[in-house]
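Report on the structure given below.
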Amino acid sequence: MLIVIARAPAARLRDIAAACHVSERTAQNIVTDLEQAGYLSRERAGRRTRYILCLDGTLRHPADAHVPVRALLEQFTHHDSKR
């Protein structure tokens, strides 16, 4: 879900859910979990929500705790910017 949000931070939750092949309710729960864990924050702009990723943190799992979120997302979004 972080990758989808990194590619389109202004995407609607419905679109994020569709891209991840999950229900909107599941997407909402995951986004809430990501926000509570400090991976992202939400900013309201009228009726829309923009997601702001917190790229300076590290992954939670002990085996991956040395991996910065920024490095992980760059692996999956780096090529998108060249299109």
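What the table below lists for this structure:
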{"quantity": "Where labels lie 7 Å past Cα in the beta-carbon direction, separation of Glu35 and Thr77 in nm", "calculated": "1.8"}
{"quantity": "In nm, spacing of pseudo-spin labels at Cys20 and Cys54 (7 Å Cα→C-beta vector)", "calculated": "1.7"}
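Read the figures in this text as sums done on the coordinates, not as results from a lab. If you're wondering where the values come from, they're calculated on a predicted model, not measured in any experiment. For neighbour counting, all protein chains shown are included, and Cβ atoms are generated from backbone atoms with ideal geometry for every residue, glycine included.
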